[in-house]
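Engineer: First the structure, then my questions, so here it is.
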Amino acid sequence: MNVPLLDLQAQHRTIKDEVLAAVHSVIERQAFILGAEVGQLEQAVAKLCGTKHGVACASGTDAILIPLRALALKPGDEVIAPAFTFFATAGAISNAGGKPVFVDIDAGTFNVSPAAIEAAVTPRTRAIVLVHLYGQMAEVETIAAIAKKHGLALIEDGAQSIGARRKVDGQWRMSGELGTVGTLSFFPTKNLGGWGDGGLMVTQDDAMAAKLRSQRLHGGTLQAAVLLAKLNHLNDWNVARRKIAARYDAEFTGLGAVTAPKVDAANEHIYHQYTIRAQRRDQLAEHLKAQGIGHKIYYPLALHQQPCFASLGYTAGSLPVTERATAEVVSLPIYPELTEAQQGAVIAAIRGFYAA
Ligand SMILES: Cc1ncc(COP(=O)(O)O)c(C=O)c1O
């Protein structure tokens, strides 16, 4: 059985009428840029994230770049970030004129380590960019306290974590709620994906919101209409993803060669990715490919090892936990429309590989 890593056509079949009606309404009004739906999306997403403001923008990459630009970084100003993430996280730091300072991750959750952040702070540090990787929140409250202590801005890269939450002092806190700015991506493959690029920034701060608004350029109404229609389903979709993850977890427990992703007890994961650590990972990936099972390695090369950051002087072994993760992780199909039979095929292929 062929099982794709993600099946957006299956999703579209379930919501086609609603989304096409929303798009048609925009076309009838011919209000393509910053129409009413953009403001509605901003308000709905800010409410979801527990923030005062939402500011839509062109992509998840811009959502990181715009608040970093608002800091007016000077040459040599440092911004701390994980190296185990999508390129945009650090690309935005460089594009805003900052120097990325990469730190290591926790081996269990793959999220950035607060202790490593604290150790990396220097007099030149201006900001921290954390990433809520794969849909599970980092220890944002601890990192926010470090940021506050040193007078740094905190940007939460929530491209993969819309709707994820974490219990802090007995209270649920949303992805994007506690940082100076929280960012979201509506790239089509995300848990809430548009029909093209899109992004959004959330913040509690009135002055920051005004700055972000003045620099966001524009926002596409068609995308907002699509996203608003889909937003009604996001919670059900995230619940369905957790159910699929629970079955994988149960199946992989006791399979020594595979380690299921660890979820911090305080977190509610939204499983943008279901990412295992696997022995003989590259051979397993070949086997999955031969069996028609979709899979992908996020991320095969850490950012501190990218040629474009060679001048920063990192070497092999600089970030050992990150480097080990790049050699061991593989992400498996997880999306609300994945059928039990399809998931069974994924599990059988993995079991078959290690039984051989
Ligand atoms: C962690 C992370 N940050 C930033 C981005 C950039 O988002 P976009 O593709 O919408 O520019 C992505 C997504 O691709 C991501 O996964």
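Engineer: Just for region 309-334: of the residues that are without any contact (Cβ under 8 Å) to a residue 12 or more places away in the chain and assigned to a helix (DSSP H, G or I), which one is farthest from residue 237 (Cα to Cα)?
Structural biologist: Step by step, filter region 309-334, then rank; the result is 311.
Engineer: May I ask you to say which residue of 79, 45, 101 is assigned to a helix (DSSP H, G or I) and touching a Ser or Thr at 6+ places or on another chain (Cβ under 9 Å)?
Structural biologist: Result of the check over 79, 45, 101: 45.
Engineer: Is it fair to say residue 127 is within 16 Å of the ligand (Cβ to nearest atom), free of Cβ contacts under 8 Å to residues at least 60 places away in the same chain and in contact with a His (Cβ under 8 Å, 6 or more places away or on another chain)? Don't jump to the end; show me each part of the working.
Structural biologist: Numbers: within 16 Å of the ligand (Cβ to nearest atom): yes; free of Cβ contacts under 8 Å to residues at least 60 places away in the same chain: yes; in contact with a His (Cβ under 8 Å, 6 or more places away or on another chain): no.
Spelling it out, it is not the case that residue 127 is within 16 Å of the ligand (Cβ to nearest atom), free of Cβ contacts under 8 Å to residues at least 60 places away in the same chain and in contact with a His (Cβ under 8 Å, 6 or more places away or on another chain).
Engineer: Is it fair to say residue 306 is more than 29 Å from residue 184 (Cβ to Cβ) and touching a residue at least 24 places away in the same chain (Cβ under 8 Å)? Even if it seems obvious, please write down each step before you answer.
Structural biologist: Working: more than 29 Å from residue 184 (Cβ to Cβ): no; touching a residue at least 24 places away in the same chain (Cβ under 8 Å): yes.
So residue 306 does not fit the description; no.
Engineer: Mind listing whichever residues of region 188-240 are open to solvent by 70 Å² or more (accessible area, probe 1.4 Å), of a type in the set (S, T, N, Q) and over 18 Å from residue 174 (Cβ atoms)?
Structural biologist: 214, 215
Engineer: With buried (at least 18 other Cβ atoms within 10 Å of the Cβ), over 30 Å from residue 13 (Cα atoms) and not acidic (Asp, Glu) as the only criterion, which of 269, 304 stands out?
Structural biologist: When all the criteria are applied, what remains is 304.
Engineer: If the Cβ limit is 6 Å and pairs must be 6+ apart or interchain, which residue in region 183-202 that is touching a residue at least 24 places away in the same chain (Cβ under 8 Å) and within 10 Å of the ligand (Cβ to nearest atom) pairs with which residue that is part of a strand (DSSP E or B) and polar (S, T, N, Q)?
Structural biologist: These pairs meet every condition: 199/185.
Engineer: Moving to a separate point now. Quick check: is even one residue across region 164-180 open to solvent by 20 Å² or more (accessible area, probe 1.4 Å), under 20 Å from residue 56 (Cβ atoms) and part of a loop (DSSP other than H, G, I, E, B)?
Structural biologist: yes
Engineer: To continue, here is another question. Within the group 47, 99, which residue is more than 16 Å from the ligand (Cβ to nearest atom) and in contact with an Asp or Glu (Cβ under 8 Å, 6 or more places away or on another chain)?
Structural biologist: Unique residue meeting the criteria: 99.
Engineer: With respect to residue 130, determine if the residue is surrounded by 24 or more Cβ atoms within 10 Å (Cβ to Cβ) and assigned to a strand (DSSP E or B).
Structural biologist: yes
Engineer: For region 241-266, which residues satisfy the criterion of being open to solvent by 50 Å² or more (accessible area, probe 1.4 Å) and over 22 Å from the mean Cα position of the chain (by Cα)?
Structural biologist: Result: 247, 250, 251, 253, 254, 256.
Engineer: Let me ask something additional. Residues 258, 263: which one is of a type in the set (Val, Ile, Thr) and farther than 23 Å from residue 159 by Cβ?
Structural biologist: It is 258.
Engineer: Regarding residue 155, is this residue open to solvent by less than 10 Å² (accessible area, probe 1.4 Å), touching a Pro at 6+ places or on another chain (Cβ under 6 Å) and either part of a helix (DSSP H, G or I) or not polar (S, T, N, Q) (or both)?
Structural biologist: Values: open to solvent by less than 10 Å² (accessible area, probe 1.4 Å): yes; touching a Pro at 6+ places or on another chain (Cβ under 6 Å): yes; either part of a helix (DSSP H, G or I) or not polar (S, T, N, Q) (or both): yes.
It is true that residue 155 is open to solvent by less than 10 Å² (accessible area, probe 1.4 Å), touching a Pro at 6+ places or on another chain (Cβ under 6 Å) and either part of a helix (DSSP H, G or I) or not polar (S, T, N, Q) (or both).
The values are calculated or read from the model by the stated rules, or taken from the named source; none is laboratory data. What you see is a predicted model, and the numbers here were worked out from it, not measured in a lab. All Cβ positions, even for glycine, are placed from backbone atoms using ideal geometry, and neighbour counts span all protein chains on display. Areas reflect the complete protein model, heavy atoms only, side chains present, ligands, DNA and RNA absent. Shrake-Rupley method; radii C 1.70, N 1.55, O 1.52, S 1.80 Å.
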